[in-house]
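Here's the structure we're looking at; comments come further down.
The values are calculated or read from the model by the stated rules, or taken from the named source; none is laboratory data. Keep in mind it's a predicted model, so treat the numbers as computed, not measured. Using ideal geometry, Cβ is built from the backbone for each residue, glycine included, and neighbour counts are taken over all protein chains shown. For the accessible areas, the whole protein counts, side chains as well, though only heavy atoms, and no ligand, DNA or RNA atoms are used. Shrake-Rupley method; radii C 1.70, N 1.55, O 1.52, S 1.80 Å.
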Amino acid sequence: DSSRSRAEFWIRPLWVKRIEGVFPLLEGQVTRDAQTGLYRVEIDIDARAVQMGSRSQVTWAQSEQFFDVQRHPLIHFRGDPVPAERLFAPGLAMGEVTLRGITQPLRFQVQPPECTRPGLDCPMRASGEISRSAFGMDSHRLAMGDTVHLDFQLWLPPSDAPAESAP
């Protein structure tokens, strides 16, 4: 459910409090492979819509130094296929992220659900980290940390919820 889902990130400069941003525009889908019965989550994040604390931070985040939205407007996550019982289960979720045209493996920690129907009655929450340098974001290396922290809050539209999602 794109209207309720969101992705957030933060990075810590070496001497200052962390810099935070929000991606309010993301779309995704959960698909089931008819052959294997496994589910895959894919999410596209529109980096052009990034929101931050100041206009100068947004300009920097959208620039070639960071997300390079002119050449790479979308960030794409593709999860590894999982059985239905692992789709909403807390624990490690594996996949890959494509950012700035570079694809790297990514691990997310899926948080325990806060309700019996995650994605429908409460968001599914997951968090992970990427290395800026692994994606060619190496400007300000002396002043800015290399780790970018990611947090997702994902909602499913009721019509898209897999039948096996309820525990």
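Just the protein heavy atoms count here, and of the accessible area of segment 1-97 at 1.4 Å, carbon and sulfur take up 50 percent.
In the chain, excluding the sites themselves, the longest stretch lacking any of the GluC sites (Glu not before Pro) that are in a DSSP loop with at most 15 other Cβ atoms within 10 Å is 1-63. Summarising the label geometry, the points placed 7 Å from Cα in the beta-carbon direction at D138 and T59 lie 2.6 nm from one another. In loop segments of segment 36-100 as defined by DSSP, there are no chymotrypsin sites (Phe, Trp or Tyr not before Pro) with at most 16 further C-beta atoms inside 10 Å of their C-beta.
With r as the distance between the Cβ atoms of E20 and R107 and R0 = 25 Å, compute the FRET efficiency 1/(1 + (r/R0)^6) and round to 0.05.
Calculated value: 0.70.
Taking a ≥ b ≥ c as the square roots of the eigenvalues of the Cα gyration tensor of segment 1-80, is the shape rounded (a/c under 1.5), prolate (a/b larger than b/c) or oblate? The shape class here is prolate.
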